[in-house]
Amino acid sequence: MKKDITFCPNDAVANVVGVDVSMNYLITATDSKNKTLFIGGRHIKNKKAKFQRTRKSLQQRQTPSSRRRLKRIGNRENRWQNDLNHQTAKALVEFTDKSSLIVLEDLSGIRISTERVKRNNRYYSVSWAFADLRRNIEYKAKLAGIQTLAVDPKYISQRCPRCGHTDKSNRSKKLHTFKCNSCGYTTNDDRVGSLNLRQIGIEYRHAVSSQAGS
Ligand SMILES: [Zn+2]
């Protein structure tokens, strides 16, 4: 686990917020009171797929005007994505109390995440700039006096937050659901990610405060 955050002994972090990022919901955040915030969803994926479809048809035309339009559409898409990342990070920070700890997945190895989205009976590959979203969150959190922690995302979507049973088949990527094979706990798959990230944050906080106390 990363040790890039140092806590003072009397540095009371009351609230821990686990934040899962994905193409389905850009953000799924669960706080210590079990309040969950979902941001984004289907309409973002559909708009992404629409941009992708327009780009594809322009690429096939290969005329000077289609190339110009392609560039304009690319710029428009980037502006829309950057603005949405900005708004999403802002909403997350507003959801989070001051003196909280936000726990994010360390996606440093992943620049862009892609998913296949069905639109008008065809599949389109859509991607999102998650690294940019994370930078936005870290920056805005810092300004608001909220600490952030990036952790290894291994097993966070496979582990049951209730009993700890970890199995790939607990999660249905297709249905976006999580159902534990051992205890039967059922919820949205992105929410499971946020619950597990929150748990890692709570354990991290205990480890740091017991270190500080000894
Ligand atoms: Zn379970």
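Coordinate-derived values only; no laboratory data. Worth saying up front: this structure is predicted, and the values here are computed from it rather than measured. Backbone-built Cβ (ideal geometry, glycine too); neighbour counts: all protein chains shown.
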Under the Karplus curve 6.51 cos²θ - 1.76 cosθ + 1.60, θ = phi - 60°, whole-Hz ³J(HN,Hα) for region 85-100, x wherever Gly or Pro sits
4, 4, 5, 5, 4, 5, 5, 5, 5, 5, 5, 9, 5, 5, 6, 9
Could you give me the ³J(HN,Hα) list for region 179-191, computed from phi with Karplus coefficients 6.51, -1.76, 1.60 and θ = phi - 60°, whole Hz, x at Gly and Pro?
9, 5, 5, 9, 10, x, 4, 10, 6, 5, 5, 6, 5
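Given Lys142/Lys174; Lys33/Lys154; Lys35/Lys56; Lys48/Lys98; Lys71/Lys174, which pairs have Cα atoms separated by over 31 Å? Intermediate values should be presented prior to the final figure.
On the way: Lys142/Lys174 36 Å; Lys33/Lys154 24 Å; Lys35/Lys56 41 Å; Lys48/Lys98 33 Å; Lys71/Lys174 33 Å.
Result: Lys142/Lys174; Lys35/Lys56; Lys48/Lys98; Lys71/Lys174 exceed 31 Å.
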Given backbone amide H placed at 1.01 Å from N, residues whose amide H is under 5 Å from that of Leu101, ignoring those fewer than 5 places away on the same chain, are Asn15, Val16, Val17
Show me, for region 55-68, the HN-Hα J-couplings you get by feeding each phi into the Karplus relation (A = 6.51, B = -1.76, C = 1.60, θ = phi - 60°), rounded to Hz, glycine and proline as x.
4, 4, 5, 5, 4, 5, 6, 6, 10, x, 6, 5, 5, 5
Can you tell me the length gained on complete extension of the stretch Asn181 to Asp152, counting 0.36 nm per residue apart and subtracting the Cα distance?
8.1 nm
Check which residues have an amide H placed less than 5 Å from Thr177's amide H, if you skip close sequence neighbours.
Ser172, Asp189
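What's the magnitude of the charge dipole for the chain around its Cα centre, counting Lys and Arg as +1 and Asp and Glu as -1 at the beta-carbon? Answer in Debye, nearest 20.
Numbers: 42 positive and 18 negative charges, 388 e Å.
Charge dipole, the chain, about its Cα centre: 1860 debye, nearest 20.
Starting from the Cα-Cα distance between Arg72 and Leu107, subtract it from 0.36 nm times their residue separation and give me the gain in nm to one decimal. Write out the running numbers ahead of the final one.
On the way: separation 35, 0.36 × 35 = 12.60 nm, distance 2.95 nm.
Net length gain for the segment: 9.7 nm.
Per 0.36 nm of contour for each residue apart, how much would the distance between Arg61 and Trp80 grow if the chain were fully extended, relative to their Cα-Cα spacing?
The span from Arg61 to Trp80 would gain 4.4 nm if fully extended.
With a/c under 1.5 counting as rounded, go ahead and sort region 15-213 into rounded, prolate or oblate using the C-alpha gyration tensor (a ≥ b ≥ c being the square roots of the eigenvalues; past the cut-off, prolate if a/b is larger than b/c, else oblate). Write down the numbers at each step before the final one.
Details: a/c = 2.77, a/b = 1.61, b/c = 1.73.
Verdict is oblate for region 15-213.
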